[in-house]
Amino acid sequence: MHRVVITGMGIYSVIGKNLREVKTSLYEGRSGIIFDPVRKAMGFRSGLTGMVERPVLKSVLDRRMRIGLPVQGEYAYISTLEALQNAGIEQSYLDAHEVGILFGNDSSAVPVVESVDILRQKKDTMMIGSGHIFQSMNSTVSMNLSVIFRLKGVNFTISGACASGSHAIGIGYLLIKQGLQEMIICGGAQEINPESTASFDALNAFSVRESEPAKASRPFDRDRDGLVPSGGAATVIIESYESAIKRGAPIFGEVIGYGFSSNGEHISMPNVEGPVRAMQKAILDAGISMSEIAYINAHATSTPAGDSNEAKSINTVFGNARPLISSTKSMTGHEMWMGGASEVIYSTLMMNNGFIAPNINLENRDEDSEKLNIATTTLPCEFGTFLSNSFGFGGTNSSLIIRKV
């Protein structure tokens, strides 16, 4: 079995468009949530969302490459450029080696809506254009980036709801660990637009604390009233330890544990037992004791049932070990398909810079969160191992454990 290490990271997030900006926002507890009047005008119950500028790629990619990229693919292209750069990987290396790609993505709404609108208006499929098919497929990010970067290794998309990005890293870890691949570009991408989140709004899933956007996402807080949708893209370069040493690559962390499970119950209501099994499997895979895990980046999205059940599951697994905990979604909102990958990056940045980012907006703890050791302010903290939780609709659960090398 091969050791699997993180040698590159890239991020395009509502709290920063690169690693440097994101690290500063995490340290300062800065929110990326805004009120969007466009959503209210469209009939949304909640106008709250995370927001990031759309990158301008006209001078970076030729039209043939751009035409198949949806907005989340554009985010992912930018985050992947940064990850490759700080991993010390140039196109010549990608051309000479078998490098794979696994991205988490579970929707691509706008191209589907636009295609149907054109068909209904023009009554002619020829008016839709060739780019829409490649933009509309769930595999759009992995297929586009594999072509842009001329990749030769494994190439598919992980579609696991809000655990997609985490599962992408987990599956990549397993492939490298078993010697089936040497290097894989992993990550998650989530579009930011009203079309992709309208059905969530219809479920009354979103916070309506519109007068205070920065305080709307409040994981574990007694007065939370729903999540805030968000998005962007996150890229993690993982490779075998042998490959990293041979290349003289920087090593930001080592993936040592991956646990997964299915709740097997309600399609949207989380339970306690499923997350417990995922965390326990990750700890068993890592071969470490619970006391070695110093920090947990909780999935906690700021929903009443989800946060309570995760608090119960963490307490069930860790009991008196009491690792420090925070949910970075208090700042970013719920990045959905991207979140499992971005939260690995957020936590790795903390681990390599000696601090724990705060769970902002936690003013009144509920009965379940009172049992947890939650960081409500930025804490200077040198730590060497963390666990990141990601859970999604359909009861899919993923837990990753990363340690400092």
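The values are calculated or read from the model by the stated rules, or taken from the named source; none is laboratory data. Every value quoted in this text rests on a predicted model; they were computed, and no experiment measured them. In this analysis, Cβ positions are derived from the backbone assuming ideal geometry, glycine residues included, and neighbour counts consider all displayed protein chains.
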| request: Give region 328-359 a look and list any residue that's β-branched (V, I, T) and under 17 Å from I401 (Cα atoms), or say none. | output: T328, V344, I345, T348, I356
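Which residue is surrounded by the fewest Cβ atoms within 10 Å (Cβ to Cβ), if the candidates are limited to region 17-48 and must be within 16 Å of the chain's Cα centre (by Cα) and not small (G, A, S)?
For region 17-48, the residue satisfying everything is N18.
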| field | Residue in region 287-304 that is surrounded by the most Cβ atoms within 10 Å (Cβ to Cβ), counting only those that are under 21 Å from the mean Cα position of the chain (by Cα) and of a type in the set (A, V, I, L, M) | value | A300
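Does A311 meet the test of being more than 27 Å from M51 (Cα to Cα), touching a helix residue (DSSP H, G or I) at 6+ places or on another chain (Cβ under 7 Å) and without any contact (Cβ under 8 Å) to a residue 40 or more places away in the chain? Walk me through how you get there before you give the answer.
On the way: more than 27 Å from M51 (Cα to Cα): yes; touching a helix residue (DSSP H, G or I) at 6+ places or on another chain (Cβ under 7 Å): yes; without any contact (Cβ under 8 Å) to a residue 40 or more places away in the chain: no.
Judged against the criteria, A311 is not a match.
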| field | Considering residues of region 180-200 that are assigned to a loop (DSSP other than H, G, I, E, B) and in contact with a strand residue (DSSP E or B) (Cβ under 8 Å, 6 or more places away or on another chain) only, the residue surrounded by the most Cβ atoms within 10 Å (Cβ to Cβ) | value | I192
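Can you tell which of L61, L81 is touching a strand residue (DSSP E or B) at 6+ places or on another chain (Cβ under 7 Å) and closer than 30 Å to S243 by Cα? First the steps, then the outcome.
Details: L61 fails: touching a strand residue (DSSP E or B) at 6+ places or on another chain (Cβ under 7 Å).
The match here is L81.
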| field | Count - residues of region 67-93 that are surrounded by fewer than 22 Cβ atoms within 10 Å (Cβ to Cβ) and either at pLDDT below 95 or part of a loop (DSSP other than H, G, I, E, B) (or both) | value | 4
| request: Scan region 94-113 for residues that are surrounded by fewer than 17 Cβ atoms within 10 Å (Cβ to Cβ) and without any contact (Cβ under 8 Å) to a residue 60 or more places away in the chain and report the count. | output: 2
| said: Consider region 252-278. How many of its residues are touching a helix residue (DSSP H, G or I) at 6+ places or on another chain (Cβ under 7 Å), surrounded by 15 or more Cβ atoms within 10 Å (Cβ to Cβ) and either of a type in the set (A, V, I, L, M, F, W, C) or closer than 22 Å to S313 by Cβ (or both)? | reply: 14
| task | Only residues that are under 26 Å from E82 (Cβ atoms), aromatic (F, W, Y) and not in a helix (DSSP H, G or I): list them for region 241-271, please. | result | F252, Y258
| field | Members of region 324-380 found to be within 18 Å of the chain's Cα centre (by Cα) and polar (S, T, N, Q), listed by number | value | S326, S327, T328, S330, T332, S342, S347, T348, N359
| task | Provide a single number: the residues in region 7-42 that are more than 25 Å from T197 (Cα to Cα) and aromatic (F, W, Y). | result | 1
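Among the residues of region 272-323, what is the count of those that are assigned to a helix (DSSP H, G or I) and among the aliphatic types (A, V, I, L, M)? Before the answer, list the steps.
The initial filter retains those residues of region 272-323 that are assigned to a helix (DSSP H, G or I), namely 273-286, 290-292, 304-321.
Cutting the leftovers down to among the aliphatic types (A, V, I, L, M) gives us 276, 278-279, 282-284, 286, 290, 305, 311, 314, 317, 321.
Within region 272-323, residues that are assigned to a helix (DSSP H, G or I) and among the aliphatic types (A, V, I, L, M) number 13.
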| said: Quick check on my filter: what residues within region 353-381 are assigned to a helix (DSSP H, G or I), exposed (fewer than 15 other Cβ atoms within 10 Å of the Cβ) and among the polar types (S, T, N, Q)? | reply: N353
| query | For region 49-64, does any single residue satisfy the condition of being modelled with pLDDT of 95 or more, under 25 Å from the mean Cα position of the chain (by Cα), in a helix (DSSP H, G or I) and of a type in the set (K, R)? | reply | no
